[in-house]
Every structure is written in C-alpha cells, then in structure tokens.
1. Filter the stretch B:199-240 for residues that are within 18 Å of B:Tyr272 (Cβ to Cβ) and either basic (Lys, Arg) or surrounded by fewer than 21 Cβ atoms within 10 Å (Cβ to Cβ) (or both) and give the result.
2. Given the options A:Arg67, A:Arg105, A:Arg74, name the one that is among the basic types (Lys, Arg) and open to solvent by 60 Å² or more (accessible area, probe 1.4 Å).
3. Among the residues of the stretch B:113-121, is any in contact (Cβ under 8 Å) with a residue 12 or more places away in the chain, more than 13 Å from chain A (Cβ to nearest Cβ), in a loop (DSSP other than H, G, I, E, B) and among the charged types (D, E, K, R)?
4. Quick one: which residue in B:Ile85, B:Ile51 is assigned to a strand (DSSP E or B) and either among the hydrophobic types (A, V, I, L, M, F, W, C) or away from every other protein chain (no Cβ under 14 Å) (or both)?
5. Being over 28 Å from A:Pro262 (Cα atoms) and among the aliphatic types (A, V, I, L, M): is that true of B:Ala359 here?
6. Give A:Val309, A:Val349, A:Val285 a once-over and let me know the one that is away from chain B (no Cβ under 14 Å), more than 20 Å from A:Leu7 (Cα to Cα) and touching a Leu at 6+ places or on another chain (Cβ under 9 Å).
7. Scanning for something in a strand (DSSP E or B) and crowded, with 18+ Cβ neighbours inside 10 Å, does the stretch B:153-175 turn up at least one residue?
8. Would you pick out the residues in the stretch A:1-21 that are assigned to a strand (DSSP E or B) and surrounded by 21 or more Cβ atoms within 10 Å (Cβ to Cβ)?
There are 2 protein chains.
Amino acid sequence: MDNIGLLVTNDPELGEVRDAALVIEDGVVVAVERAGAQGDERIDAGGRCVIPGFVDSHTHLVFAGDRSEEFAARMAGAPYAAGGIRVTTDATRAASEDELTALTRARRDEALRAGITHLEIKSGYGLDVATERRLCEIAGEFTDDVTFLGAHVVPPGIPRAEYVALVCGPMLAACAPLARWIDVFCEPASPHAFDADEARAVLEAGRAAGLGLRVHGNQLAAGPGVRLAVELGAASVDHCTYLTGADVDALAGSDTVATLLPGVEFSTRSPYPDARRLLAAGVTVALATDCNPGTSYTSSMPFVIALAVREMGLTPAEAVWAATAGAARALRRDDIGHIAVGARADLAVLDAPTHLHLAYRPGVPLARALELA
Amino acid sequence: MDNIGLLVTNDPELGEVRDAALVIEDGVVVAVERAGAQGDERIDAGGRCVIPGFVDSHTHLVFAGDRSEEFAARMAGAPYAAGGIRVTTDATRAASEDELTALTRARRDEALRAGITHLEIKSGYGLDVATERRLCEIAGEFTDDVTFLGAHVVPPGIPRAEYVALVCGPMLAACAPLARWIDVFCEPASPHAFDADEARAVLEAGRAAGLGLRVHGNQLAAGPGVRLAVELGAASVDHCTYLTGADVDALAGSDTVATLLPGVEFSTRSPYPDARRLLAAGVTVALATDCNPGTSYTSSMPFVIALAVREMGLTPAEAVWAATAGAARALRRDDIGHIAVGARADLAVLDAPTHLHLAYRPGVPLARALELA
C-alpha cells in the first residue's frame, strides 16, 4: 500500500510518518517505507491517513431484541435500570443460533465499516448454561478474544449464592473451552450485579480454568471493582467512571489497563470518567465502544474518540492511541494496535488527511477497515 | 416504494404509519398507502424505517483549507476565536472555481450519504465582491437555497463602516441575483462580527434587493440578534445559545424559527441552548449541522439529533421533526420536510426499524438519502 499521506504507527508513541508506504505479505506488515514501495499488488491510499485498525476491547455483540424504547424513556427522565437487561436475555434465549449468528455478523460488519479490525466479544445475555455456551460459540466465529460473562447480572428468580455457584461451576465448565477471558460486573451499587466477594469467586474460578481476567467496575459508584482487578492481575478494568485516589494509585502501580467507555456515559446521560487524572498518574488508558443494547448501542470508535476529546479532555493523539494500542494492551496482545514489521496488517483508512479529523468531524463515517484480498 | 416497516410523514406531528408504501411520480409523492402499492418500478424498503429526508437549513459548504489543528488547539484549552476564519478566507480566495466546486460537491455527497436531501448553502468565506459572488455561484449549483453572507465577519484591514457599505452596496448587487437569502452574524460580543445597527443595515439592504432574511444570533452571549430577526420578520435566527426571557417571548410571538446548531456547542465545548424552554414557549425549533470548518465540521444530521436528545432534552420524535419539518419551515418551504401527496419525494432510508435508533445508535451511519432513478 502506498501514497499514504500520513501513517500513524503507534511505534513509538503516535509515530507519525508522512508520505509512507507499507509492504504486506500474508496479512502481516513486512516493511514500513517511504512512498514508492514495490509489490505484486498495489493499493493506492490516495494520500489519505492510515492508522492501525481500531481494537474494540469491550463489546456485547451477541444478542437479540430491541431496547430503543427503553433508551427513549431514559432520555425522557426514567432512571437507568440494569434490570432492563432482562428484555435482552429473554429475546436472546428465544432466538435461534442462526438468527443470533446473523445479528452478530451484521454488527461485526458494521464495526468493520467503522474501522474496527479486531474486537473482543462477551457472552452475558444467556445467564443459563446452555445459552451462555451458545453465545460463546457464536462469538468465537468472529474473534479469538471471547469473554465468558455469565456473571453479567444475577437473573431474576435465582438466589444470588446459587447463581454464583452455577457460574463458577457448570457454566464455567461449559464455556471455558470456548473463551479466552472471564469477566464480572462488580458493582455493589446495583442489586443486579456482584459484590466484591462474589466477583472474587468468579474471577478465581475463571483463573483456575485457565482464563484471563477482566472486570466491569466502578461504573455506577466508587466500589471494589478496580482494586479487585488490580489485586488479581486482570488485564483490564472497564468503565472506571467513579474512582477514588486509592483506585488511581492501584491502577498506576499495575499492568491493569483502565478501559473507558464514554459511549455509556453519553447514552445514559451520566458524568464522564476523569481520563486526565488517570493519564497524569501514568495509568494505561484504553477506549472501547461497549457496544450493547442497554447502555451504548454504538459501533463507532470515531464517535467514542470524539467524545473522549470533547468530554474527557484527551488530545486527539491520546484518543487514537487509546482506541488502538491501548486497547491492544487491554487484550494483552502485541500483534495488533500498532503498525510495525511483524504486526498484523490490520489497518483503518481515513477519508481525511490526518487522524485529527476523527474528533474534528464528529458523526462523519471517515474510517473503514482495509480489507486485504 | 413498499415494505416500509415504519413511515414517518410529519403529517400531522410525527405522523407514524406502520407497513406503508409510497407511490412516486417524477420525484413527487402521489400516494401514501398501506403496503402493496403498484407501480412501474418497485423499491423494496426491506422493512426499514423511512423518514422525510433531512433538511439542513444552515451550512457553509463552499470553502477550502484545513483547520483541524485549530480544533485540536481549542480542545487543548485555546479559546474559540472567530478570527480563525481568516485561514479559511485566505485558502478559499486562493482556490480555483474548479477546486471549490469539487470540494463542495464532495461535502454535498457526504451529506446525501447521511440522509440530507436538501441543504441551504451560505457564502461568507470570500469577503470581497468577486469571491462572494463566486461562492454564491458555486452554491447555486447544489441548491436553490443560496444565502449571501458577505456579513460573516469584518475582514482585517478594512474599517467596519466601509465594509458594511461594501456589503450593502456592490457586494449585495453582485450576489443578490444568485441568492434567495441574506444572512448576518449579529454578535456584538465578538469584535469580528456585527452589532445591531450594522446587522439592521445589512438585512434592510438585502430585503430591498428582494432577499429573504436570516440571522446568526446569540451564539456567544445574549444580544440583539434574536429580537432584530423577529422585528424584521426573518425566516430563522440561528444558534440561540444565550437567550433572555424577552428573546423567547419575541420568538414565541413570531413566525421566526429558532434554529439550533448543537454541533457547534459540541465542537467548541460550549453550553448547549435551552431547547425545552423554547418548545415550552411554543417556538418552532429547527436543527441543522452548521457544517463549517471553524466550529462544527460535521455533515451528520443523525449526530446532531443524538446531541439534541442527549444534551438538550428533545425527545427523539421532536429532534427528527426539527431536522426535517422544522428546518423546512426555517427555509419557508412547504415542498420538503414532510411526506404527503404533492410533496417532493425526498426520503431518507434508515438502516433501523424506527427513527428512535438515530439517537439510540450515536455515530452509526444509519441514514442515507434515497436516490431515485
């Protein structure tokens, strides 16, 4: 690929190269050059900006049902209720595997059209053994970063302790072979989510089953999620909307990434996380869409970047890095999120001269994933 | 066109029709029916939602140059300076007619891809007679709603009174035959814009030349713009970010539409207008993109709708109405902005079951203008 007006490599930092060319073999970058590279097949970037494909490290793509009316009611003043998830769970359980696969594929394709070249996909709308397993299977058709999220909420009608035992026992046994990660919604402020002891039990069971750890934490209030994630060495703790000084200190001294999901704050009309405080403390920050039907039904990483710049004070460069290299760290991967010899040739082409336009032109679909023949 | 899962007609109010069909002849709606309409050529909406095409009643599409660095600096804390327009004026004056036409066409096409089927286009980056005339000519290739905005700012190096006389004299004489509207940036809070007396002189000269009136007003501070617009019977006063009770009362008793431009508040990190106060007073509210390189470089009406719902408390239905029927009123047109027998068949097809998804799925390019063969 040549005639790249501006190449963002994330190597090191943002790594901007003007008038660049890339040599790609078998989906891997084998050379980063100045314009004029030779190859069997030439892709002309037309002077556009090329960046590492977005890495969406937090999505809930496998679901059925529609919750747009709940969204409209919330915007009209109804409070956010995590219990609204039941609508999705009922529809997802009722949907056939073919339907769920088609819905997931359509959402994955939409993400590609927005420049996302790799995504993590969580289960979590089954909340019974058979459905959670089915969701992990479907997710696995689209990514090798499948996350088992049986501990999304406690479904109605089951005592909490019984449900935690189910998640840590038969559900985990059914799903672990299909997943790379386990995740838990640790949020004592919600009656539907899990407290610190429950979350610890889930995460330790997952770790014993060979899974890496992720945590939904500190979304609705300060709580134990962040510190638990750090203590157990989770790859990422996601949301981080309400943090204490101790939470920030814990993150700063750890390898746990703070993944911010400002699409949630947008669509729930909530205050945004304090990203500058995290960056000032040296915490690694990622951005992700949290694409899900309840609180953030967007697949647009450019929209998330625009929010991060407008609402959380990230520079456009910090936001692009967080949505690519930062998110790759949140998935503990070094093959994506940057452009260098040996990295996957996962690229997003921007219909713009620089990455600044992602935040400068909000709502405009400027990014698309490059599809290699 | 049939198999329309949900048709939004704006006739009356939002006018929702389930399982609808439209019969279109020569670009005009000749029947609104239940599914099953017959015709020579069939377009299958695939169960999607169809709405009146968005009407973008406030754009500055004809310009050259890039101000993304200025945007990034502003996000990093530099104050908004209307003087930044000089970068655009210099680049626009230097560009050839072919270049400007190509840039404008690309932006118009981008707008079509976002579901905008009609747009107003202002001049205002020439600020001399020859360039303002050229900008009006280019705008006229893309719309019959051309607005002469020689009174955008006072260019540097010219005494204010001399520039106002130029606008009201030779510049107006050169541009009036090419335009339907005259507009003025009435904002005494900015040293670059025009005070009440200057704005009145411009508007009265425009009216004498046969042009309809529009005003940029009350963007940066409360001021005389809104009341001047109402007094002179302007079709619309745009921005309305800072309003007094007297401003709201004046609008409520008038035929002047309040056009809100929340993309500006997003991209300048400013407080949003109080849309609910306007609606409560009975004011007709329109939404537009204000697509321009300095303060709101978006062509996405869905993004503007999402902001209007999230930040200004419009319901999704109110926001969709404001971006279609409201904007048509701001242009004093009854042939667009709604779907009824006799109206232009300007339609936006949503890749979604209902119009709620426009706000529910922020950043996702769900709307596209239907192009008739």
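The values are calculated or read from the model by the stated rules, or taken from the named source; none is laboratory data. Being a predicted model, the structure only gives us computed values, none of them experimental. Note that each Cβ is placed from the backbone with ideal geometry, even for glycine, and that neighbours are counted across all protein chains shown. For the accessible areas, the whole protein counts, side chains as well, though only heavy atoms, and no ligand, DNA or RNA atoms are used. Shrake-Rupley method; radii C 1.70, N 1.55, O 1.52, S 1.80 Å.
1. Selection gives B:Leu220, B:Ala221, B:Ala222.
2. Criteria check complete, one pass: A:Arg105.
3. Looking only at the stretch B:113-121, we keep the residues that are in contact (Cβ under 8 Å) with a residue 12 or more places away in the chain, and these are B:113-121.
Still in the list and also more than 13 Å from chain A (Cβ to nearest Cβ): B:117-121.
Those left that are additionally in a loop (DSSP other than H, G, I, E, B): B:120.
Adding the requirement that they be among the charged types (D, E, K, R) leaves B:120.
Yes, the stretch B:113-121 contains at least one residue that is in contact (Cβ under 8 Å) with a residue 12 or more places away in the chain, more than 13 Å from chain A (Cβ to nearest Cβ), in a loop (DSSP other than H, G, I, E, B) and among the charged types (D, E, K, R).
4. Result of the check over B:Ile85, B:Ile51: B:Ile51.
5. Numbers: over 28 Å from A:Pro262 (Cα atoms): no; among the aliphatic types (A, V, I, L, M): yes.
Spelling it out, it is not the case that B:Ala359 is over 28 Å from A:Pro262 (Cα atoms) and among the aliphatic types (A, V, I, L, M).
6. Values: A:Val309 fails: away from chain B (no Cβ under 14 Å); A:Val349 fails: more than 20 Å from A:Leu7 (Cα to Cα).
Matching residue, one of A:Val309, A:Val349, A:Val285: A:Val285.
7. Scanning the stretch B:153-175 turns up no residue that is in a strand (DSSP E or B) and crowded, with 18+ Cβ neighbours inside 10 Å.
8. So the first thing to find is which residues in the stretch A:1-21 are assigned to a strand (DSSP E or B), and the list is A:2, A:4-8, A:16-21.
Within the stretch A:1-21, A:Ile4, A:Leu6, A:Leu7, A:Val8, A:Ala20, A:Ala21 meet the criteria.
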